[in-house]
Amino acid sequence: MRAAVCDDRAEDAQLVAQYVREWGEERGESVALEIFPSAEAFLFEYSENKSYDLLLLDVEMGGMDGVTMAKRIRAGNAAVQIVFITGYTDYIAEGYDVAALHYLVKPVHRQKLFEVLDRAAAKLRSDSRTLTLETGGETVCVPLYEILWLGVEKNYTTVHAAARSYTVKKTLGALESELDGRFFRIGRAAVVNLSYIRRVTKTDAILSDGTAIPLPRGAYEALNRAIIAYH
């Protein structure tokens, strides 16, 4: 795991880094860790090397704040795990815009951070999974984390991924069986990736790209329960 801690308070950054290293030792995980004193310093490094798996970001920093930094990164990177560290809870709603894994409130507690790191490691392992599709005379392997949702029409199912969509002659149920716990079935016509849901109304699930998936009767409560359980 390649991780970065970004915090303009050196003592806070060192404490988080110490806990991350201890977690790696206890779990037998290899962790390459870097510390950055500002969002700008991290983005300078990131422009040359984007191979980060986990970012632990202070929200309130001088200059660019952690949420703005995360939005820039998320625009081109759906896989990296983002954890916000903050002295306030006012920013939690904004975390949904970048699919943040978790918020930790300062002072960071060792055991709570360990639990979040366990989740991050599990998600990174699951992100190596792919969905194999036969379409247009070729075989395509689509990473599960890139799939926003799947929709069915007659005998065809369309897989809507971040880069493009794929339509295959296969039932939604057959494809659903190849997915994992981040996906949720909405009625008979759609399966949605919970990590991409940004808002739920009584009538629609709104995804990060603006797509509105209609909710059948009775789906609102079940979907909200699934989102809470997933996060």
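The values are calculated or read from the model by the stated rules, or taken from the named source; none is laboratory data. No experiment lies behind these values; they were computed from the predicted model shown. Reconstructed Cβ throughout: ideal geometry from the backbone, glycine too, with neighbour counts over all protein chains shown. The area values use the complete protein model at the heavy-atom level, side chains included, leaving out ligands, DNA and RNA. Shrake-Rupley method; radii C 1.70, N 1.55, O 1.52, S 1.80 Å.
Quick notes on this structure:
- Signed unit charges on C-beta, dipole axis of the chain, positive-most listed residue Ala162, Val5, Gly62: Ala162
- Modelled this way, with points 7 Å down the Cα-to-C-beta line, the labels at Thr211 and Ala122 are 2.6 nm from one another.
- Carbon and sulfur %, accessible surface of segment 105-163 computed with the full protein complex present, 1.4 Å: 51 percent
- In terms of distances greater than 32 angstrom between alpha carbons, the cross-link table entries Lys71/Lys106; Lys50/Lys202; Lys123/Lys170; Lys71/Lys112; Lys170/Lys202; Lys71/Lys170 yield Lys50/Lys202; Lys71/Lys170.
- Taking θ as phi - 60° and the Karplus parameters 6.51, -1.76 and 1.60, the scalar couplings of segment 61-71 work out to 10, x, x, 5, 7, x, 5, 4, 4, 5, 5 Hz in sequence order, x denoting glycine and proline.
- Folded to 0 to 90 degrees: helix 219-230 orientation relative to the chain principal axis, Cα: 40 degrees
- Between 0 and 90°, nearest 10: helix 10-27 axis offset from the chain longest Cα axis: 60 degrees
- Computed magnitude of the charge dipole of segment 2-123 (debye, nearest 20; Cβ of K, R +1, Cβ of D, E -1): 360 debye
- Accessible area per residue, Å², segment 1-153 with all protein chains present, probe 1.4 Å: 47 Å²
- Partners for Lys169 among lysines (Cα-Cα distance below 20 Å; same-chain residues under 8 apart left out): Lys154
- Relative contact order, whole percent, for segment 165-231 stands at 24, derived from Cα pairs under 8 Å and 6 or more residues apart.
- Dipole magnitude for the chain: about 1140 debye, using +1 per Lys or Arg Cβ and -1 per Asp or Glu Cβ, origin at the Cα centre.
- Amide hydrogen proximity for Phe36: with H placed 1.01 Å from N in the peptide plane, the residues at 5 or more positions away or on another chain lying under 5 Å are Val5, Cys6, Asp7.
- 3J(HN,Hα) along segment 163-177, derived from phi through the Karplus expression 6.51 cos²θ - 1.76 cosθ + 1.60 where θ = phi - 60°, amounts to 8, 6, 10, 10, 10, 10, 8, 7, 6, 4, x, 5, 5, 4, 5 Hz, with x in place of Gly and Pro.
- Gain in span if fully extended, Gln111 to Glu176, counting 0.36 nm per residue against the direct Cα distance: 19.9 nm
- Separation of segment 200-231 from segment 114-166 is 19 Å, based on Cα centroids.
- Were the residues from Ile228 through Lys154 laid out at 0.36 nm apart, the gain over their Cα-Cα distance would be 23.5 nm.
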